[in-house]
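What follows is a single structure, written as structure tokens, with notes after it.
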Amino acid sequence: MQTLPNFLPALPLMFLAGSAMALLILGVFQHGHYVAREIAWLAVVALIATVALITGFGSERQVSLYGMLVTDGFGVFMSVLVLLGAAFSIVMAIRFNEREGVARFEFPVLVLLATTGMLMMITANDLISLYIGLELQNLPLYVVASFQRDQTRSSEAGLKYFVLGALSSGMLLYGASLVYGFAGTTNFDTLAHSLDVSTMSIGLVVGIVFVAVGLAFKVSAVPFHMWTPDVYEGAPTPVTAFFSTAPKIAALALFVRVMVYAFGSLIDQWQQIIMAISVASMLLGSFAAINQRNIKRLMAYSSISHVGYSLIGLAAGTPAGVRGILVYMAIYLFMNIGAFSVILCMRRDGKMVENIQDLAGLARTRPMLAAALGVFMFSLAGVPPLAGFFSKFYIFMAAIDARLFWLAVLGVVTSVVSCYYYVRIVKVMYFDEPAPAFDLGIGREMQAVLLISTAVILLFVIFPAPLIGTAEMASATLFPG
Amino acid sequence: MQNWPLLTLTIFLPLVGVFFILVLRGAEADVARNARWIALWTSLIDLALSLLIWAYFDPNQADFQFVETAPWLPGFHIAYHLGVDGISLFFILLSTFLMPICIVASWESIKVRVKEYMCAFLVMETLLVGLFCALDFVVFYIFFEGVLIPMFLIIGIWGGPRRVYSAFKFFLYTFLGSVLMLLGILAIYYQIGSTDVVEALNRGLPVSLQTWLFLAFFASFAVKVPMWPVHTWLPDAHVEAPTAGSVILAGVLLKMGGYGFIRFSLPLFPVAAHQLAPFIFTLSVVAIIYTSLVALAQDDMKKLIAYSSVAHMGIVTMGTFAMTSEALQGAMIQMLSHGIVSAALFLCVGVVYDRLHTREIARYGGLADNMPKYATVFMVFTLASIGLPGTSGFVGEFLSLLGTFEINTWVAFFATIGTILSASYMLYLYRRIIFGVITRADVRAMLDLHWREVAIFAPMIAIVLWMGIYPDSFLKPMQPSLAKLVEHIQLSLHENAAAKLAER
């Protein structure tokens, strides 16, 4: 008799998908955008409930749905980050959408669907479920990128993202089919156990390279980063905040699981690729951002360089490296959410402004806002005692541990270069003569987001142990035996 | 008393002051006044606490005292570990002593954003005291790097016309140096499995690694000291910084490098330090002679004193790497003396700058006539900077030169030329400002020292003379620790030589 598959560990995923559809139905029957705000808050509740479900199931390794999905400590950690990123983004979008006249209930629903895809990516245990998760993530993202559909910039961003995203998905799929052809399986467990350097064929390596390229597109690592600045600039700001956190974290989680777990025994084959794109991302991310005038573009390049740093952890391919990535992503999430919520407050005469010079003298017109952005900038630059220092600390620790000395030296040198443009924003806010003040009334929910993220970044130095300890346990689950 | 967490209290008390300043509300003038008083009282209480540390410090012990440990990152053997010994004790005192002086010195000259200014200084005090107490590499690094943020803001917000350039130069220069040290710290971590300084000192590091690690730490400390040729950020930073910023920069920030050499570079990498000593001697001698000549050619008072700082710190690095007991004591006293004297000289510049708003030497002249008190004060610190016997500068220079002479006669010879040059540029500066005939009406109208300024200078003069006439009260507590350090270095060098011999 056919037994039912073990689907219990996949319950959070199903819950999230179900709530997305329920909210969609609710929105349709409640006549559109009159209920946009309520649906957004319900979506946040659904995301938080999913966090509770995921953590409630524990971090024991369980394979479900005929080996398609896996839940383990690593997956739980990354899923929680993604869910938090999505929840923050929805909260940040509420008032923005109302002001820009695009307060539609579809927005939170689309974000929920994309988040479902991300959770699937994180817990994928098979190249097929990986691809389904990836596409489930991508399609809603294309739509939210062009959510301000009457603005050419936004539509352009969505279109660009779609074309390049489809290209990268194609490459990934091609790589996956090559892997299947030469290894005879798409299951990560089987791949991890059966692959061996001595029996490996060149076709498999080509397949791995294509998979890596596809994933590098998704995390926007150089040289597959070209879409990032344009999309980040064009997309509505809360969407950019979302793009720079949740999908990036999910794609990086996937990258780590595929490389370190499924292809872990072939580390000698892929390590140099990862090192090369890591170095290129750090260099380009830090040098290209110097001349940016638009703060969203600057954040795009900044996110490229941060991906470069976290890829150092992947290049190490060790538990210490994965731990570094986990810590990095957790802190990066709060830094980016915080920085983008300040950017969302950059509003003058009812219109959004995005140039760095618009921040001039913010320390005098809005001291608290300036102090918060200053904290995020110093933290992104990695200056202690702020949290951003610890994220880099654990990455470089992993690099030294894996004897990747030159990678570490390059990393710290580029971090000094990138320091220049982060600190330049502090300079504009604190040293320059004030520009006209921004509009008041940033909203209570925005204040809460700012308060939470500032507190996390500032106070992390006092209680680092819980996060680091959890990351330590989570990273160990990728390395059985 | 030994059981109290005295160090933690001293470190974090200024943050309590910051909290009180941040919650101030009301009219701008009231807020500014209250912020000044809160900052002053906080720093004075902190000074009292640090004097308690000195009072209860056992000068016959070489080991760390007032040790505090608390788990921080337990899985990684990274702990909140504090302690003081004879080497760090006086740097803590120097920081807490200069802070109230900085605050009083900015009482009237800082008029805008007083609240933020006082907060920046108090945060700086926390970081400075913390870094001298830290006995864990990561804790040390956090305090060491954290100093950049308040200093960057102090130069950038309250500085002179080219403040943005100088602030960036300061920040990026020192940041680049320090991140390399971070890699060194991580390498040590993987070598001994912990970032505890005491454990690293006890276990020692393999000779093969020492050179690389030494260079990584050197990159950071050499920029901070600053050694020639990475000193160029210093004159810019000094010229643009507000007076109190220069005081803390010259008084304490430069000592971070010298302290780092004595606390970390010498005991952890003795073999590498010994091998690279000729290299450092060369840089020090170039610094002493070259920057003295540069100082001789300056038209700007602050720039002149900034270059003289580089020269004086050259004597410190020379004495440090001579690695004899006398030379190390000399280097320590030289750092303390320079901390007080150069700080006082910057304050002297600040006094006339507040009145005439120019630092150009040629604008002044003949101040002895209408500012006799000022002329006297300036005279004391000029002579102390030159190293006249009876002042603190003499003790430091003499002991450093004496110790170096034993090791390398030529280095000592060139360094002595530097001290002659220092007499010439300082006296030349003094002559141009104080002596001569007053030609300008605005210079004639300048008032002599205000009682507040007298109150700043009086304790500084007292300490300069105390250190010069009876240096024993300063030397005695540091001697056991330095003796232990020298012994440790000698032992490591012997072991290394024996190991090399055995290989053959």
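Put simply, the C-alpha atoms of region A:78-226 give a gyration tensor, and the ellipsoid matching it has half-axes of 35, 17, 11 Å, longest first.
The relative contact order of chain A comes to 15 percent, based on Cα pairs under 8 Å that sit 6 or more residues apart.
Annotation: lysines with alpha-carbon distance below 28 angstrom to B:Lys302 (same-chain offsets under eight excluded): A:Lys427, B:Lys111, B:Lys115, B:Lys169, B:Lys224, B:Lys255, B:Lys373.
Placing unit charges on the Cβ atoms only, positive for Lys and Arg and negative for Asp and Glu, gives the protein assembly as shown a dipole magnitude near 1740 debye about its Cα centre.
Seen from all directions on average, region A:19-141 presents a Cα convex hull projection of 7.3 nm².
Compute the angle between helix B:86-105 and the longest alpha-carbon principal axis of chain B, please, reported from 0 to 90 degrees and rounded to the nearest 10. Approximately 20 degrees, to the nearest ten. For region B:64-103 versus region A:175-227, the spacing of their alpha-carbon centroids is 51 Å.
Rounded to the nearest angstrom and listed largest first, the equivalent-ellipsoid semi-axes of chain A from its Cα gyration tensor are 34, 27, 20.
In terms of packing, defined here as the mean over residues of other Cβ atoms within 10 angstrom, the peptides B:319-326, B:74-81, A:146-153, A:134-141 line up highest first as B:319-326, A:134-141, B:74-81, A:146-153. Its relative contact order, with pairs defined as Cα atoms under 8 Å and 6+ residues apart, puts region B:370-504 at 36 percent.
What list of ³J(HN,Hα) values in whole Hz, one per residue of region A:210-223 in order, does the Karplus curve 6.51 cos²θ - 1.76 cosθ + 1.60 (θ = phi - 60°) give from phi, with Gly and Pro shown as x? Whole-Hz 3J(HN,Hα) from phi for region A:210-223: 5, 4, 4, 4, x, 6, 4, 4, 5, 8, 6, 8, 5, x. Considering region A:213-281, its Cα convex hull presents a mean projected area of 4.5 nm². Label zone of B:Arg452 (point 7 Å out along Cα→Cβ, amide N under 11 Å): in region B:1-41 this covers B:33, B:36-37. Its Cα centre serving as origin, region B:185-268 has a Cβ charge dipole (Lys and Arg +1, Asp and Glu -1) of approximately 160 debye.
What whole number of Å gives the distance from the Cα centroid of region A:229-244 to the Cα centroid of region B:433-469? Each part reduced to its Cα centre gives a spacing of 59 Å. If you wrap the tightest convex hull around every Cα atom of chain B and split its volume per residue, you get 134 Å³. Normalising the Debye intensity of region A:256-298 to I(0), with uniform scatterers on Cα atoms only, and taking log10 at q = 0.19, 0.25, 0.34 Å⁻¹ returns -0.65, -0.81, -1.07.
Kindly express, to the nearest 10 degrees and within the range 0 to 90, the angle between helix B:392-407's C-alpha long axis and the longest C-alpha principal axis of chain B. For helix B:392-407, the angle is close to 30 degrees. With the convex hull of its Cα atoms as the shape, region A:338-481 has an orientation-averaged projected area of 10.6 nm².
Restricted to Cα atoms, region B:411-462 shows a radius of gyration and a Dmax of 16.6, 48 angstrom. Near A:Val70, once Lys and Arg are set to +1 and Asp and Glu to -1 for all other residues with Cβ below 12 Å from its Cβ, the sum equals -2.
Any idea what diffusion coefficient region A:369-433 gets from Stokes-Einstein, in µm²/s, Kirkwood Rh on alpha carbon pairs, 20 °C, 1.002 mPa s? My calculation gives 171 µm²/s for D.
With the charge dipole of the protein assembly as shown set up from +1 on Lys and Arg Cβ and -1 on Asp and Glu Cβ about the Cα centre, the Cα lying farthest toward the positive end among the listed residues B:Gly146, A:Val76, A:His193 is that of B:Gly146. Each principal axis of the Cα atoms in region B:1-137 has its own extent, and those three values, largest first, are 50, 35, 23 angstrom.
Note on region A:241-312: the alpha carbon radius of gyration divided by the globular reference 2.2 N^0.38 Å gives 1.23.
Rg/Rh, computed from the Cα trace of region B:182-241 with Rh as the Kirkwood radius, has the value 1.15. In region B:257-409, Rg over Rh equals 1.04, where Rg is the alpha-carbon radius of gyration and Rh the Kirkwood radius from pairwise Cα distances. Expressed as a whole number of Å, what is the distance separating the alpha-carbon centroids of region A:405-481 and region A:32-84? Distance between centres, Cα-based: 24 Å. Mean per-residue shielding of peptide B:136-149 is 4, counting Cβ atoms of other chains within 10 Å of each Cβ.
Calculate the tail of P(r) for region B:150-209: the fraction of all Cα-Cα distances greater than 12 Å, expressed in %. Here the tail beyond 12 Å accounts for 72 percent of pairs. Overall size of region B:361-486 from C-alpha positions, given as principal axis extents largest first: 58, 33, 18 Å.
Which angle from 0 to 90°, rounded to the nearest 10, does the C-alpha axis of helix A:444-459 make with the longest principal axis of chain A? Approximately 60 degrees, to the nearest 10. Over the C-alpha atoms of region B:434-500, the Rg to Rh ratio, Rh being the Kirkwood estimate, stands at 1.43. Please compute, over every Cα-Cα pair in region B:368-419, the percentage with a separation greater than 16 angstrom. Beyond 16 Å sits 50 percent of the P(r) for region B:368-419. If you take all other residues with their beta carbon under 15 Å from the beta carbon of B:Met478, and give Lys and Arg +1 and Asp and Glu -1, the sum is -2.
Partner chain Cβ atoms within 10 Å, averaged over the residues of B:175-186 - can you pull that number for me?
6
Give the share of C-alpha pairs in each 5 angstrom bin for region B:142-246, from 0 to the last occupied bin, in whole percents, shortest bins first. Spelled out bin by bin, region B:142-246 gives 2, 13, 20, 19, 15, 10, 9, 7, 4, 1, 0 percent. Against the compact-protein benchmark of 2.2 N^0.38 Å, the Cα-based radius of gyration of the protein assembly as shown scales to 1.01. Relative to the compact-globule estimate of 2.2 N^0.38 Å, the Cα radius of gyration of region A:258-364 comes out at 1.35.
Computed FRET efficiency, Cβ-Cβ of A:Met368 and A:Ala52, R0 41 Å: what is it to the nearest 0.05? After rounding, the FRET efficiency stands at 0.80. Summing charges over all other residues whose Cβ lies under 13 Å from the Cβ of A:Tyr261, with Lys and Arg as +1 and Asp and Glu as -1, gives -1. Modelled this way, with points 7 Å down the Cα-to-C-beta line, the labels at A:Arg149 and A:Arg104 are 0.4 nm from one another. Working value for region A:334-389: equivalent-ellipsoid semi-axes of 22, 12, 9 Å, each the square root of 5 times a Cα gyration tensor eigenvalue, largest first. Relative contact order of chain B, taken over Cα pairs closer than 8 Å and 6 or more residues apart, is 15 percent.
Debye-formula intensities of region B:220-320, expressed as log10 I(q)/I(0) at q = 0.25 Å⁻¹, are -1.33 (one equal scatterer per alpha-carbon, no solvent).
Every read-out reported here was derived from the displayed coordinates using simple, explicitly stated rules and does not represent laboratory data. As the structure is a prediction and not an experimental result, all values here were calculated from the model. Neighbour counts run over all protein chains shown; Cβ positions are idealised from the backbone, glycine included.
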